[in-house]
Amino acid sequence: MSKHLAIAALLVSGCASGTDPKIRNEIGAKLSSAQTPIQACYQNQLYVNRKLRGMYVVQLAVNGESGAFTDISLRRDEPADPVLRFCVIAQLAKLRLDKPPGKRIEVDSIPIKFEPSNP
Amino acid sequence: MRRMRARWLWALSIGIAGAGCSAIMPAAKQDPFPVMNVTAERPPPGPDKVILTPSNIAITDKVQFELGKADLKPMSFPLLDEVVTVMKANPQIELVEIGGHTDITGGADLNRRLSQARAESVMKYLAAKGIKASRLTAKGFGPDVPVADNAYPDGQEANRRVEFLIVKQGPKKTVVKDE
């Protein structure tokens, strides 16, 4: 019985271990590549609303077959600006992993902090 | 009895593996990605509602029109007068495209025509205030270039807008002449 319990525990721990570190790194690299266009989104809206600042927590999925970033939404939206939100989501939606991961990957916590560089 | 329990456990293990983790287990708590710090320079504080940026003349207020028409509401005249002031003070701006945009409510063709007429209304106002017509062009985009999600009222509100895009500009001129 202990053998079966061990197998079950192994399978369950496999479920909880999260994303493959290699794929996670690739996702991180793709997110970093979007920083400049996201910064442009922020800059454009700061001209319109100079008080704009705050944190986003983005969740998204990576399509297993195409590697495309899909189902992008915000779990937290402190700036609460519809134009910034739309622009950032549009930039993230352009991302695609070079090598499709083969299975859908869900990422539930990508924090993005917006802050003016000058007082 | 022990044998049955063992079989049950084995079946459970295989079931978990076969059904996929997400179907059986609650979503595993993931480590968040590192915070992406996004910074940008904000314009200095002031009463200005019109700000010259490298690519456009940004307005912090909206150009208002009569409902369903291209007639400017008088409340928007001071805002457009500021645009005039900025254009006169920056003669290096050689061509500005006045873009009219709508949300997706109503017919797209009607919205394109309305936004074109509204952009032309703004152009006429600026020209009447002394901006050379050769520095201005008007284009109505209707709902084709949204800047926010039309699924929500705040997004629709953001999409109903007039933009002043700098299409062509030369080197900064220090001498400002009155047009």
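Values quoted throughout were computed directly from the atomic coordinates according to the rules given, and no laboratory measurement underlies them. Predicted, not measured: the structure shown is a model, and the values here were computed from it. FYI the Cβ positions are ideal-geometry reconstructions off the backbone, even for glycines, and counts take in every protein chain you see.
Some values worked out for this structure:
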| quantity | calculated |
| --- | --- |
| Size of charge dipole - the range B:50-169 - debye, nearest 20, with Cβ of Lys, Arg +1 and Asp, Glu -1, no other charges | 480 |
| Share of Cα-Cα pairs in the range B:50-169 lying beyond 17 Å, as whole percent | 52 |
| Distance histogram for the range A:3-116 (every C-alpha pair counted, 10 angstrom bins, percent rounded to whole numbers) | 13, 40, 26, 14, 5, 2, 0 |
| Rg and Dmax [Cα atoms of the range A:51-119; Å; Rg one decimal, Dmax integer] | 13.5, 46 |
| ³J(HN,Hα) computed for each position of the range B:67-74 - Karplus, 6.51 cos²θ - 1.76 cosθ + 1.60, integer Hz, glycine/proline x | 4, x, 10, 9, 6, 5, 7, x |
| Average beta carbon contacts from partner chains per residue of B:149-159, 10 Å cutoff | 3 |
| Chymotrypsin sites (Phe, Trp or Tyr not before Pro) within the range A:32-88: DSSP coil, no more than 14 neighbouring Cβ in 10 Å | none |
